[in-house]
1. Take the residues of segment 301-322 that are within 23 Å of Thr434 (Cα to Cα) and open to solvent by 50 Å² or more (accessible area, probe 1.4 Å): which is modelled with the highest pLDDT?
2. Kindly list the number of the only condition in (1) touching a Cys at 6+ places or on another chain (Cβ under 7 Å); (2) surrounded by fewer than 22 Cβ atoms within 10 Å (Cβ to Cβ) that fails for Val16.
3. Only one of these conditions is not met by Pro454: (1) open to solvent by less than 10 Å² (accessible area, probe 1.4 Å); (2) part of a helix (DSSP H, G or I); (3) not hydroxyl-bearing (Ser, Thr, Tyr). Which number is it?
4. In segment 420-429, which residue that is buried (at least 24 other Cβ atoms within 10 Å of the Cβ) and not hydroxyl-bearing (Ser, Thr, Tyr) is nearest to Arg51 (Cα to Cα)?
5. Got at least one residue in segment 45-63 being open to solvent by 50 Å² or more (accessible area, probe 1.4 Å) and under 19 Å from the mean Cα position of the chain (by Cα)?
6. So, of the residues in segment 137-164 that are more than 24 Å from Ile322 (Cβ to Cβ) and part of a helix (DSSP H, G or I), which turns out to be most open to solvent (accessible area, probe 1.4 Å)?
7. Collect the residues in segment 394-422 that are farther than 24 Å from Arg457 by Cα and either touching a helix residue (DSSP H, G or I) at 6+ places or on another chain (Cβ under 6 Å) or of a type in the set (Asp, Glu) (or both), keeping them in residue-number order.
8. If I filter segment 207-230 for residues that are among the hydroxyl-bearing types (Ser, Thr, Tyr), modelled with pLDDT of 90 or more, part of a helix (DSSP H, G or I) and not assigned by the TED database to the domain that holds Arg399, do I get at least one hit?
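The values are calculated or read from the model by the stated rules, or taken from the named source; none is laboratory data. The shown structure was predicted, so the numbers you read here are calculated from the model rather than taken from an experiment. Glycine also receives a Cβ, built like all others from the backbone with ideal geometry; neighbour counts cover every protein chain displayed. Accessible surface is based on the protein model in full, side chains and every heavy atom, while ligands, DNA and RNA are left aside. Shrake-Rupley method; radii C 1.70, N 1.55, O 1.52, S 1.80 Å.
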Amino acid sequence: MTRFLGLRGERLGFAVSFICTIGFLLFGYDQGVMSGIITSPEFNSAIPETRNNSTMQGFVTAIYEIGSLAGAVIVLFVGEAMGRRKAIISGASIMILGVIIQVTAYFGHQSLAQFVIGRIVTGIGNGMNTSSIPTYQAECAKTKNRGLLICIEGGSIAFGTLISYWLNYGVSFTNSDVVWRFPIAFQVFFALIIIGGMLVLPESPRWLLSKDRDEEGTFVIAALNDEAIDSPKTQLEKRVILDSMMATGEIGNKSSFRDLLTNGKTQHLRRVFLGASSQLMQQIGGCNAVIYYFPILFESSIGQTRNMSLIMGGVNMVVYAIFATTSWFIIERAGRRKLFLWGTIGQMSAMAITFICLIPGTQSAAKGAAVGLFLYIASFGATWLPLPWLYPAELNPLRTRGKANAVSTITNWLFNFVVVMITPVMIDRIGWGTYLFFAVVNACFLPFIYFFYPETRRRSLEEIDFIFAKGYEEKISYVKAAKELPLLSPEEIEEYSIRYGFAYASGVEKPTALSIGEDRKSN
C-alpha cells in the first residue's frame, strides 16, 4: 500500500491537522457532556448518589480530570519511547474502553463505582492524547502556519463542547436512559476516526531523527514538503533539526528528567515553567467553572428553569465556538503575548460584571450576570482556549519537548480537577463570591505575562532556542531578547547555530552519536 495513502505536501499536512483537530474536538466534547447529564432525573435514577448532592456531582464530573492527569503522567514517563503516533492511538483506544464501562452502569449493580471507574479510564486516554497531539502537530507543521494550526486544534475544543451541549438538549426529551447513555457513547465515533487516521499518517520527523531513524525521518520531511529526499530543501531542514538536537544534547544522549531542570543557554527549566504556567492560568482563571457548570449556574445563581438553562447553555456554546475561531485569523498577526494579555483583561472584566450583578440577589439584576458569563466565554474562546496548547508545544526544544509538554498537561489536569471539584461547593456556599474570586485571580496574571512571556510568533521551533541563548548570554530579559532577535531564514538559522555554539562551522567535522559516546568513555 502507498505510504500515507499517497498524500504529500499540503494534503498530507491537512490530514495531520484534521486528525489532531478531531482529537481536541473529542476533548471539548468530554468537557461539555456531563453538564447536561449530571442533574438529569434519568442519570440521578441510575446513580442516585448524585441526586441533589453538589459535592457528589462535582466528584463524578471532576474524577475524569484525575484520569486525564494519570494519562499525562504516563506520557511523561513513556511518551518518548512510544512515539507520538502510538501514544495517540493508545489514548483513543483507552477512551473507547472507558466509554463502554460507563454506558453499561446500571442501578443496583454498584453503578456509582462502575461509572467513576469508566470516567477515570476515559480520562486516562484523553490525558495521553492532550499530552501528545500538540507536540505531534507542532513537529509536523510548517513555521508559517504552526500557530494557526494549533489554534484551530485548540479552538475545536469549543466546537466539541457545542456538540455535546446541543446533543444533551436534543436527547433530554426522550425521558429515558438515552438522556445520558447516548451522549457518553457518542465519544466512540470520534475516537475511531482518530485511530483510523493515525494508523496511516506519518510519525513526527523530529521524533524519528531523535531516535536515529534517519531514513524514515528524512522520508517524512520530504513528504510533508512534497520534495524529493535528496532535494536541497529537504536536506537543509534535516540539518537544521539535527543542529537543534546537537544544541540541546539530543545526539548521543538519552533524554532524562534531569534535562527539565537545566538552565544555561538552553534554559530548559525556565521554558518548562513558562509552558506549565500557561496551563495553570488557563484553569484557575475559571474557564471550567463556566463550561462544565453553565446550566447549573443558570439554575442556582440566575434562577432559570432546567429547560431554559440547557437552552442558554447551548447558546453560550455557540458564542464560545464563534469566538474560538477568531484566534485563527489573528494569532500570527497579534502574537501570543498580546492575546494572552487581552484575554486576561476580558476574563477579569467578565467575572467582575458577573459578581456585581449577583450581589443584589434579584432576578432582574441576575440577568446582567448572564451577560458577564457570555462575555467571559467569548474572551476565553478567542484567547486562553487555544494559547496554552500552542505555547508549551513550541516553546520547549526537541530534547525536552515531549516531557515538558506532558508536565504542562499534567498541570492543566491537576488544576482542572481542583476547579471542577470545588466550583459547585463554592457556588452553594459563597454565591457571588465565586466570581469575585476568579476576577481577582485573573488580575494577578497580567504582570506575570507582561514581564516573563517572550513572543514566539513566526519563529521556527529551532529559532526559538536562540531567544533563550541570546537572553542568557547578553543578560537581558527573554521578552527583550525575543523583540531584538530578527526573523531568520533557514540559512541564517545555521549561522546563528554556529554563533551560539549549537552547531559546527563548515569544514569542521560534526560529532556523531558514536563518537560522542566514545568521548564520554574516554573521559
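1. Val315
2. (2) is the only condition that Val16 fails.
3. Of the numbered conditions (1) open to solvent by less than 10 Å² (accessible area, probe 1.4 Å); (2) part of a helix (DSSP H, G or I); (3) not hydroxyl-bearing (Ser, Thr, Tyr), the odd one out for Pro454 is (2).
4. If we take residues in segment 420-429 being buried (at least 24 other Cβ atoms within 10 Å of the Cβ) and not hydroxyl-bearing (Ser, Thr, Tyr), then Pro424 is nearest to Arg51 (Cα to Cα).
5. No, every residue in segment 45-63 fails to be open to solvent by 50 Å² or more (accessible area, probe 1.4 Å) and under 19 Å from the mean Cα position of the chain (by Cα).
6. Lys144
7. Correct list: Ile410, Trp413, Leu414, Phe415, Asn416, Phe417, Val419, Val420, Met421.
8. yes
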